[in-house]
Amino acid sequence: MKNFKFFVCSVLVFGALLGSCKNGSDPDGENPDFPENLAEYVGDENYKSPKNVEITSDAAKNQSAGLNDSWWRETSFYHIWVKSFADSDDDGCGDFKGIESKLDYIQNDLGCSGIWLSPIFECDYKSKFKRENMHGYDVNDYYAVNSYFGTEEDLISLINACHEKDIKIIFDFVPNHTGRGNQWFKDSYGGKNGKKNWYLWSDTKLSWNPGMGSSDTWHKNPSGNDFYYAAFWEGQPDLNFRNYEVREEMKNVVRYWLNKGFDGLRVDAVRYLIETNGSKYDTDETHGWFSELRSEVIDKYKDISPKFMTCEAWITGNRTSLEKYFGTDEKPEFNMVFDFDQGYGIVDSIRDYEASYLSSTLKANLGETKSYGTFIGNHDNYINRLGTVFYGYEAQIKAATALSLLRPTVPFIYYGQEIGMKDNTSYGTGDIRHRTDIDWSEVEKQKANPSSILSLNKAILALRKTYPNLFADGKVEFLKSCTVDTKKNPLNTVAAYTISDGTDSLLCVQSLINCGDYPFWVENSSLVDVSNYSVLIGINDEKNLSIDDGALKIDFIAPYETRVYYLGNSSKKMLFTDNRLFLRGSMNNFGYNEMKYDSEKQIFSGSVELKAGTYQFKFDKYCDWSLSYGSDKENKDGKSIALGEIVQTSDTAGENTNFSVTIPSAGTYLFTFYEKDNTFKVELK
């Protein structure tokens, strides 16, 4: 669901001035915007759902086996928008069978060990048409699956297939509101079957300001003269969690699906369950219900198959309010909270070339029972898809990908992000632009390219599996970088930090832009011993890390390059080599251009606008700018070539590879480098 920015509306201020008492009621009835009946607890405290289920040993047959109590902290989740992921029957709509057919891709080609399904329950608005936003947050029946996705048997088959492959699977739970077509709401507005108080009703239209910031949150009864509350929009009426029957029914929904074999749940819009006279979000009573859900449902599965729940408390810039959803030691709530700040910090640091954004937003898990779920972009208007944010530039997409996964938190990868997919802006500016079909042809192309965005995801997820404790319990230390020494000229365009758990240590270095023709230094710490180290991720594995006057000296790094060093062992295998090539001209001509790689043709190509004249240039694979044209190590004259001539370079890029070309007239010139035999040509485009 959407974000509610931290501001205090006039109605909330007014309510706070009046004060509150037990259960948020106004005993004198002086606040017409919070009628006394809305503060009353109602319903049968001994209520049992017509679909009541219990947590018994019988449920064990459908569950993941052999899980430890905090298995989710070592899991990497893949977030699937079901409608748009995989269509098994070509009816235009993704389905459960389609997901089941892609489990090998998720587990082996990508490397995720968990799946989060977007809403799968029967909903009010349904459409298979691509441009129609069937989002599923308007639940029509919590005990039935969306028929467009398949049957309950298909879902159970998917769950079982996941468990056979040791993949965990969680569902999206929407407790705050239902759809208007839900039978509970029909009974409520009609005053039938004891459901009137299952929703919030008022004789007058109140002016509560809700999660979406709209003043129109109370809506006319379809068959009466009173009004119902809907924080998000009129099609999603809010349930009344001061009704004991509602409280129990929602707990039973969770039990019902966990008994079917789900390993956990993501809970939507957790901030808005119970309103009080003083606040319409993040209230103590809301926290109280989630504490009940944790103790009465989630924790009861510990001896059968441990479950967990994570929450969407869309809070930015307020760690105290966010972390309150962990609960307390005496009354725990969520095992995990989604951390929106970390995603913003990653994207902003790359867009603004500013490492300090990372140092302030990169947070490690708080402890064994408190984890952060981190991600870049999702199904909501949070952050555009990476391909859109960075205009398809792979180097920046890879930088964001690496920064999102190289942290001791629990990662969630939104489907399509692993291939740098773009938003479909032809669908407009709404959420649906994030929810369009994945490009499976692009997936196949990137599977075949060891330097693709997909391959980088796979490499880092493999690294996380190799060192699970490091990424579950590791501590982060940011290291300042500079250009001259450890005290002058801070280099904010390079982020450097260590992750260590006392046994294993990684040094992660991220270039946020070109660093220029010079080495740089990073302040040392007690964790960094470079007597032995291995390069796990980078453009190459050259040993370019040393100690210089107490600081770490790094000789070179490419624009937006991710470099990961394993400290303390020089024999670790390199997991990912980024295949990039830069066209380097003289400093007075055209600087450097990154060439675009075609993995199928195995060629690099790049276009440059040039005026008439003679140009010196080279191809630089490793980005060691000290070997560029103009240095005393370089052949300054260069080898003269003719336009259109196929020319052989040296075997080792960066050594004796200067060339000279004479441009007869101004125009756009195409430089093409053929990777198979290290040849190239320059021609008028």
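The values are calculated or read from the model by the stated rules, or taken from the named source; none is laboratory data. Remember, predicted model here, so these are calculated numbers, not experimental data. Positions of Cβ are generated from backbone atoms using ideal geometry, with glycine treated the same way; all protein chains shown enter the neighbour counts. In case anyone asks, the SASA skips ligands and DNA or RNA and just uses the protein heavy atoms, side chains included. Shrake-Rupley method; radii C 1.70, N 1.55, O 1.52, S 1.80 Å.
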Self-check item: Per-peptide average of other Cβ atoms within 10 Å, ordering 82-91, 662-671, 127-136 highest first
Solution: 82-91, 127-136, 662-671
Exercise. Would you mind computing, in nm to one decimal, how far apart the modelled labels at Leu684 and Ser570 are, each placed 7 Å from Cα along Cα→Cβ?
Key: 5.4 nm
Quiz prompt | Highest-first arrangement of 202-209, 542-549, where packing means the average Cβ count within 10 Å | solution = 202-209, 542-549
Quiz prompt | Residues whose placed amide H lies under 5 Å from that of Gly568, excluding near-sequence neighbours | solution = Asn532, Tyr533, Ser534
Quiz item: Tell me, what % of the accessible area of the chain is carbon and sulfur with a 1.4 angstrom probe?
Solution: 45 percent
Quiz item: If you roll a 1.4 Å probe over the heavy atoms of the protein chains, what accessible area per residue do you get for the chain, in Å²?
Solution: 39 Å²
Exercise. Report the label-to-label distance for Ser546 and Ser207 in nanometres (one decimal), using points 7 Å from each Cα along the Cα→Cβ vector.
Key: 7.1 nm
Quiz item: Using modelled backbone amide H atoms (1.01 Å from N, in-plane), which distant-in-sequence or interchain residues come within less than 5 Å of Tyr78's amide H?
Solution: Gly114, Ile115, Trp116, Ile413
Quiz item: With labels modelled as points extended 7 Å from the Cα through the Cβ direction, what inter-label distance (nm, one decimal) is found for Lys51 paired with Ser295?
Solution: 2.7 nm
Quiz prompt | Förster radius 22 Å - calculated FRET efficiency between His219 and Lys186 (Cβ-Cβ, nearest 0.05) | solution = 0.90
Quiz prompt | Local net charge near Ser356, Cβ-Cβ under 11 Å (Lys/Arg +1, Asp/Glu -1) | solution = -2
Quiz item: Gain in length, Thr429 to Glu40, computed as 0.36 nm per residue apart minus the alpha-carbon separation, to one decimal in nm?
Solution: 135.9 nm
Quiz item: Rounded to the nearest 5, what is the percent of antiparallel bridges among the DSSP beta bridges in the chain?
Solution: 70 percent
Quiz item: Where Rh denotes the Kirkwood radius from the mean inverse Cα pair distance, what is Rg over Rh for segment 424-515?
Solution: 1.12
Quiz item: Once phi is turned into θ = phi - 60°, what whole-Hz ³J(HN,Hα) does the Karplus curve with 6.51, -1.76 and 1.60 give for every residue of segment 353-366, x standing for Gly and Pro?
Solution: 6, 10, 5, 5, 4, 6, 4, 8, 10, 7, 10, 8, 3, 7
Quiz item: Are any of the pairs Lys192/Lys331; Lys307/Lys458; Lys220/Lys324; Lys51/Lys300 more than 28 Å apart by Cα-Cα distance, and if so, which?
Solution: Lys192/Lys331; Lys220/Lys324
Practice problem: Output ³J(HN,Hα) for segment 536-549: one whole-Hz value per residue in order, computed from phi by the Karplus curve 6.51 cos²θ - 1.76 cosθ + 1.60 with θ = phi - 60°, and x for Gly and Pro. | Solution: 8, 9, x, 7, 8, 9, 4, 7, 10, 10, 8, 9, 9, 6
Quiz item: Tell me which lysines have Cα within less than 16 Å of Lys475's Cα, excluding those fewer than 8 residues away on the same chain?
Solution: Lys363, Lys370
Quiz prompt | Residues of type aspartates and glutamates that Lys685 reaches as a straight line, Cα spacing below 13 Å, ignoring anything fewer than 8 places off in the same chain | solution = Glu609
Practice problem: Rounded to the nearest 0.05, what FRET efficiency do Leu527 and Ala448 give with R0 = 35 Å and r taken as the Cβ-Cβ distance? Could you check? | Solution: 0.40
Practice problem: Report the FRET efficiency, 1/(1 + (r/R0)^6), for Asp303 and Ser599, where r is their Cβ-Cβ distance and R0 is 56 Å, rounded to 0.05. | Solution: 0.70
Quiz item: Between Lys128 and Asp473, what length in nm is gained on full extension when 0.36 nm per residue of separation is reduced by their alpha carbon distance?
Solution: 119.9 nm
Quiz prompt | Lysine pairs in segment 502-615 with Cα atoms under 22 Å, if 8 or more residues apart or on separate chains | solution = 4
Self-check item: Set of lysines with alpha-carbon distance to Lys83 below 24 Å, sequence-local pairs under 8 removed
Solution: Lys2, Lys97, Lys102, Lys126, Lys128, Lys130, Lys165, Lys168, Lys260, Lys422, Lys445, Lys447
Quiz item: What helices does the chain hold that run 15 Å or longer along their axis, going by alpha-carbon atoms, with a Kyte-Doolittle average of 0.0 or more, using DSSP H for the helix calls?
Solution: 394-405, 453-466
Practice problem: Write down the percent of antiparallel bridges among all DSSP beta bridges whose residues are both part of segment 459-611, to the nearest 5. | Solution: 95 percent
Practice problem: Using only the Cα atoms of segment 523-598, build the gyration tensor, take square roots of its eigenvalues as a ≥ b ≥ c, and label the shape rounded, prolate or oblate: rounded if a/c is under 1.5, else prolate if a/b is larger than b/c, else oblate. | Solution: oblate
Quiz prompt | For Asp238, distant residues with modelled amide H under 5 Å away | solution = Leu200, Tyr229, Ala230, Ala231
Practice problem: Read phi for every residue in segment 107-122 and hand back ³J(HN,Hα) as whole Hz from Karplus 6.51 cos²θ - 1.76 cosθ + 1.60, θ = phi - 60°, with x for Gly and Pro. | Solution: 7, 9, 7, 9, x, 7, 10, x, 10, 10, 8, 4, x, 10, 8, 4
